[in-house]
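Below is one structure, written out as C-alpha cells, with a few remarks after it.
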Amino acid sequence: MKWIDFEKPNTVEDAVKLLSDSGGNARAMAGGTDLIVMLRVGHPRVNPDVVVDIKSIPELNELSYDANKGLTVGAAVECYKIYGDDNVNSHFSALNDSATLIGGTQIQGRASFGGNLCNAAPSGDSIPNMIAHRAVATITGPSGTREVPVEDICTGPGQTSIESDELLISINFPSNGAGFGANYIRFIPRNEMDIAVAGVGASVTIEDGKFTSARVSLASVAPTPLLVEEAGEALVGQPVSEGAIQKAADLAKAAAKPISDMRGTADYRKHLCDVLTRRALTTAVERAQGAS
Amino acid sequence: MPGKTYVQTTINGEHVDFLCEPRQSLLECLRDEIGLTGTKEGCNDGNCGACTVNIDGRIVTSCLVLGVEAEGANIETIEGVADGSNLHPLQLAFLENAALQCGICTPGFIISSKALLEQNPNPTEHEIRFWLANNLCRCTGYDKIVRAVQDAAKRLQEA
Ligand SMILES: Cc1cc2nc3c(=O)[nH]c(=O)nc-3n(C[C@H](O)[C@H](O)[C@H](O)COP(=O)(O)OP(=O)(O)OC[C@H]3O[C@@H](n4cnc5c(N)ncnc54)[C@H](O)[C@@H]3O)c2cc1C
Ligand code: FES
Ligand code: FES
C-alpha cells in the first residue's frame, strides 16, 4: 500500500475541514472494509493520500429512535449494532435483512450502512433496502448541511452526489405506521459471502386489505441501485392479491437494465428481478399483516 | 509526512506499545512489528478470516484494520487463548476432532468460535455455520470444524 496520512477527528467540523483542506485527496473511513481493500490494490478512483477515520465523531455513531422523527443511523454505525438494537428490532426489523447479509460476522463487526452507500456499488446490499424505507441522508460540507433522499445519492458505479469535501452524517428512516412491512432479498449462488447477482428491496403499507403505499428498489441490475417508482405506484389502491404483486414484479423486470457478466447474463438478471420482486413483496405483505 | 506513529494498546491482557506506519494493517503490525505470528495472512482482503482477531469484544479481520486504529483498544489474538500450557477447550476439541490439517485457518477459526460460544454457549449447527461463514478452510471440508465447536460447547458447559 502507498503511503497514507491518518487523521482521527472528534467533530464533524474538524472532519469536514480535513476533507476540504486536502483538495480532494482525503477520504472518510468508517469500517474500512471497502476503503482499505481499494487502497491496497491502488484503485484508480479511490486512492486517497489522507484517510480520515470518522469513528470518533459522536453524530456518526448515533443510533436512536423517536416515534415522531423515526430512526437515525449514524454513518459509521456498524452492522452488528444495527441488528443488535432493540428499536431496530421492534420498528425496523427489515433493515436486519441487509445488516445480517453484508459479509460475514467479521465484516459486520466493521462495515456500516453509511460506507455501503458512499461506496455506491450497484450491488450494495443496504441501499435498495434504505430506498424501500424512504430513507433520507444527512450530509454536511463547508457550506452547511443538506438532506437528500437515498435514491438520489448514487450516480454511477462507485460514484455519488456527495462531494469530496462533504461528509455523510447519518441516514434517517421515517416512522412507519401500522400496516407497514418491508423485506430485502438477494440472489447469490451460495448462502453467504458473495456479491448479489440481483437484489430487491420492497416495502408496503396495507390498510383495510389495500395497499396505501409501496416501494420497490433493485440492486445489481443497473449502474446504480434503482428505485422503480412505477412498480410501487401500480400497487397503491389495489387490494392485496397475487395478481397485483405480479404486476409490480413485471414492472420491476421491465425497469431493470442489467449487464451480462461472470455472475449472470442480462436475461437471467431480468428474470431474477421478476422472481425476487414477487418474493420480497410477498414477505413484506406477510410482515405488514402482523407476522412482524 | 512519512514517519511512524506510536500506538499504545492492550493485547491478550498485556499493555503493548509499538511503532507503525499508518498504511500498515493491524495484521502486519501483529506479525512484523510485535512478533505475534499466530495470526495468519491468507487473502489480505477480508474474505478468508485467517487473520481474525477480537477487538473490544467483536471479531474482525485484522487485514482490514489499520494498525493505528489499535490505539486504546483491547485485542485478543490466538496467543492469548491457552492458559499457559493448558489448552483452551476449543483448542483441545479442534485437536481431538481432527478439525485441522494444514492449520493456517485454525487460529482464525478458534478466535471466531470462541466469540460465538461466549455469546451463545449452545449454538445450533446452523448458527455455527452461519457465524463461521467469514472463515474459509481449504482442507477439512468444515464438518469436523463444526463438530469440534459443538464438542467444545459441551465441554465448556460441563466445566
Ligand atoms: C469479505 C467482504 C464481504 C463483503 N460482503 C458484502 C456484501 O455481502 N454486501 C455488500 O453490500 N457489501 C459487501 N462488502 C463490501 C463492504 O463491506 C460494504 O460495502 C460495507 O458496508 C462498507 O462499509 P464500511 O463502513 O466498511 O465502509 P468504508 O470502507 O469505510 O467506506 C466505503 C467508502 O465510503 C466512503 N465513506 C465512508 N463513510 C463515509 C462518510 N460518512 N461520508 C463520506 N464518505 C464516506 C469511503 O471514503 C469509501 O470510499 C464486503 C466486503 C468484504 C471485504
Ligand atoms: S487475510 Fe484477512 S481475511 Fe484473509
Ligand atoms: S486446515 Fe488447511 S485451510 Fe483449514
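Close Cβ contacts (under 7 Å, 6 or more residues apart or on different chains) running from residues in segment B:47-58 that are more than 7 Å from every other protein chain (Cβ to nearest Cβ) to residues that are among the basic types (K, R) comprise B:A50/B:K40; B:C51/B:K40. With respect to being more than 15 Å from ligand 2 (Cβ to nearest atom) and surrounded by 24 or more Cβ atoms within 10 Å (Cβ to Cβ), B:F109 falls outside the description. Restricting attention to segment B:1-22 and to residues that are open to solvent by less than 70 Å² (accessible area, probe 1.4 Å) and within 13 Å of chain A (Cβ to nearest Cβ), the residue that is modelled with the lowest pLDDT turns out to be B:G3. Meeting the requirement of 1 or more residues that are free of Cβ contacts under 8 Å to residues at least 60 places away in the same chain and open to solvent by 20 Å² or more (accessible area, probe 1.4 Å), the strands (runs of 3 or more DSSP E) wholly within segment A:177-252 are A:198-207, A:210-219. For B:T61, the stated conditions do not hold, so it cannot be described as under 19 Å from B:E28 (Cβ atoms) and touching a Pro at 6+ places or on another chain (Cβ under 8 Å).
Given B:E71, B:E118, B:E127, which one is within 14 Å of chain A (Cβ to nearest Cβ), over 16 Å from the mean Cα position of the chain (by Cα), open to solvent by 10 Å² or more (accessible area, probe 1.4 Å) and under 30 Å from B:D32 (Cβ atoms)? From the options B:E71, B:E118, B:E127, the qualifying one is B:E71.
Any chance segment A:139-146 includes a residue that's within 21 Å of A:V204 (Cα to Cα) and open to solvent by less than 30 Å² (accessible area, probe 1.4 Å)? Among the residues of segment A:139-146, not one is within 21 Å of A:V204 (Cα to Cα) and open to solvent by less than 30 Å² (accessible area, probe 1.4 Å), which makes the answer no.
Yes/no matrix, rows are residues, columns are (1) farther than 28 Å from B:T9 by Cβ; (2) at pLDDT 95 or above; (3) within 16 Å of ligand 3 (Cβ to nearest atom):
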site	(1), (2), (3)
B:G67	no, yes, no
B:A70	no, yes, no
B:L87	no, yes, no
B:F94	no, yes, yes
B:L116	no, yes, no
B:N134	no, yes, yes
B:A159	yes, no, no
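When B:I111 is tested against the conditions (1) in contact (Cβ under 8 Å) with a residue 40 or more places away in the chain; (2) more than 18 Å from B:E76 (Cβ to Cβ); (3) touching a helix residue (DSSP H, G or I) at 6+ places or on another chain (Cβ under 7 Å); (4) of a type outside the set (K, R), the lone failure is (2). What are the residues in segment A:101-142 that are of a type in the set (S, T, Y) and out of contact with any Asp or Glu (no Cβ under 9 Å at 6 or more places or on another chain), if any? If the condition is that a residue be of a type in the set (S, T, Y) and out of contact with any Asp or Glu (no Cβ under 9 Å at 6 or more places or on another chain), then A:T105, A:S123, A:S126 are the ones that fit. Across segment A:142-201, the number of residues qualifying as out of contact with any Pro (no Cβ under 7 Å at 6 or more places or on another chain), closer than 22 Å to A:A75 by Cα and modelled with pLDDT of 95 or more comes to 32.
In the set (1) open to solvent by 10 Å² or more (accessible area, probe 1.4 Å); (2) within 29 Å of B:L116 (Cα to Cα); (3) assigned to a helix (DSSP H, G or I), A:L117 fails one condition alone, (1). So A:V136 passes all but one of these: (1) under 30 Å from B:N54 (Cβ atoms); (2) open to solvent by 10 Å² or more (accessible area, probe 1.4 Å). Which condition number does it fail? Here A:V136 clears every test but (1). Can you tell me which residues in segment A:92-114 are part of a loop (DSSP other than H, G, I, E, B) and without any contact (Cβ under 8 Å) to a residue 24 or more places away in the chain? Answer for segment A:92-114, where residues must be part of a loop (DSSP other than H, G, I, E, B) and without any contact (Cβ under 8 Å) to a residue 24 or more places away in the chain: just A:T100.
The values are calculated or read from the model by the stated rules, or taken from the named source; none is laboratory data. Computed from a predicted structure; not experimentally measured. FYI the Cβ positions are ideal-geometry reconstructions off the backbone, even for glycines, and counts take in every protein chain you see. Side chains included, ligands, DNA and RNA excluded: accessible areas come from the protein's heavy atoms. Shrake-Rupley method; radii C 1.70, N 1.55, O 1.52, S 1.80 Å.
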